[in-house]
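To start, the structure itself, in C-alpha cells.
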Amino acid sequence: MRDEKRELMYENVREAIHEDMNEETREEMREEANEDAHGTVSEEVHEDAHGITTEKEDEEMSDETRRKRRGINGIISEEMREMLNPALRLFIICLATALCLALVNDMTKGTIELRNQQEAEEQRMQVMTAADSFEKLEGWEDQDESGLVKEVYAALSGDELIGYVFATISPGYGGDIAVTVGVGNDSTITGIKVGENQETPGLGSKIADEKFTVQYEGKDIAGEIKIVTKPVSAEDEIQAVSGATVSTRAVNSAVQASADLGMKLLQQNGGGGK
C-alpha cells in the first residue's frame, strides 16, 4: 500500500515539473534533438559521398598514372630501339664479316702453307745447287749459340751428304730478315738467299740483290766474315750495301751463325776440310 502511494506521489511530481516547463523550453529541446539527428545523418551522408568521390578519384588517378606509365614506357622503348638497332646491325655485320674471314682463312691456310714450303724448297735449291733433296735435321739446337738459326737441312745428292742448308731469322733495320745459307762439305759457303724482309725500299732492300749476295759464295767458314764499307781487299771481307749498314750486318750475322754451326756439324761427320 505504501509503495503505491509512493509511486503515485512521484508521478504527480513529474507531471507538475512537466507542466511548469514553458513552451519555449520544450521547443529548444525539440530543436536540439532535431539538430543531433540531422547532424548524424549529414555526417554519414557526407562520409559516404566523400568515400565514393575519393574512390572515383583514386580510380581516375590510377588510370591516368597507368596511361603516363604506358607513355613513358613507350618513349623509353622507342629510344631503346633507336639505340639498339644500329648496334645490333653493326654486331651482325661484324659477326658475318668475322665468319667470312675465318672461312676464307681456313680455305686459304693450306694453300699459303704449301706455297711457303715450295718457296723455302726453291731457296734451298738455289743455295745448294748440287743437291737433289733435303732432309730436315733435329737435335742441333744446343749447338747454335746465336739463336738465329731456325731450321737445319742435310743436303743430299742421291744418298751422299754434300752439306747443310740453314734457315735463319736476323733482326734488321725495318724488322726480321729471313736468310737461307748453304754450307758445303769443303767448309765453304755455297750461296745465300735473302727472303722476306721489311727493309727500306731502295736502300736496305738491296741486301736481296745478287750483286750483294754473290760476295758470300766460296767464303771459308772457318774464320770470321767481316763487313767493310770500301771495296774489299781480303778474302774474308764483304762490302756493305751503301747506306744500309744495319741491314748488311744483319745478313752477315745470319751467315756467320750458319757458318759456325755448319763447321760443328761437318766436324761431327768427319768433314770440314777443303
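Let's see how each residue does on (1) out of contact with any Pro (no Cβ under 9 Å at 6 or more places or on another chain); (2) without any contact (Cβ under 8 Å) to a residue 24 or more places away in the chain; (3) surrounded by fewer than 21 Cβ atoms within 10 Å (Cβ to Cβ); (4) hydroxyl-bearing (Ser, Thr, Tyr):
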| site | (1), (2), (3), (4) |
| --- | --- |
| 183 | yes, no, no, no |
| 207 | yes, no, no, no |
| 210 | yes, yes, yes, no |
| 217 | yes, no, yes, no |
| 227 | yes, no, yes, no |
| 249 | yes, yes, yes, no |
| 268 | yes, yes, yes, no |
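Scanning the stretch 229-238 for residues that are under 47 Å from the mean Cα position of the chain (by Cα) and hydrophobic (A, V, I, L, M, F, W, C) gives a single hit, 238.
For the stretch 133-147, a residue qualifies if it is touching a strand residue (DSSP E or B) at 6+ places or on another chain (Cβ under 6 Å) and farther than 14 Å from residue 183 by Cβ, and the qualifying residues are 133, 135, 136.
So that you can scan it fast, the table gives a plain yes or no per residue for (1) closer than 30 Å to residue 183 by Cα; (2) in a helix (DSSP H, G or I):
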residue: 85; (1), (2): no, yes
residue: 93; (1), (2): no, yes
residue: 96; (1), (2): no, yes
residue: 101; (1), (2): no, yes
residue: 107; (1), (2): no, yes
residue: 114; (1), (2): yes, yes
residue: 122; (1), (2): yes, yes
residue: 126; (1), (2): yes, yes
residue: 131; (1), (2): yes, no
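Just to be sure, is residue 145 exposed (fewer than 13 other Cβ atoms within 10 Å of the Cβ) and under 30 Å from residue 256 (Cα atoms)? Judged against the criteria, residue 145 is a match. Surrounded by fewer than 17 Cβ atoms within 10 Å (Cβ to Cβ) and at negative phi: is that true of residue 133 in this structure? The answer is yes for residue 133.
Just to be sure before I move on: is residue 175 more than 20 Å from residue 264 (Cβ to Cβ) and of a type outside the set (D, E, K, R) in the structure I sent? Taking the combined requirement at face value, the residue satisfies it.
Coordinate-derived values only; no laboratory data. Not measured: the values here are computed from a predicted model. So basically every Cβ, Gly included, is an ideal-geometry build from the backbone, and we count neighbours across all protein chains shown.
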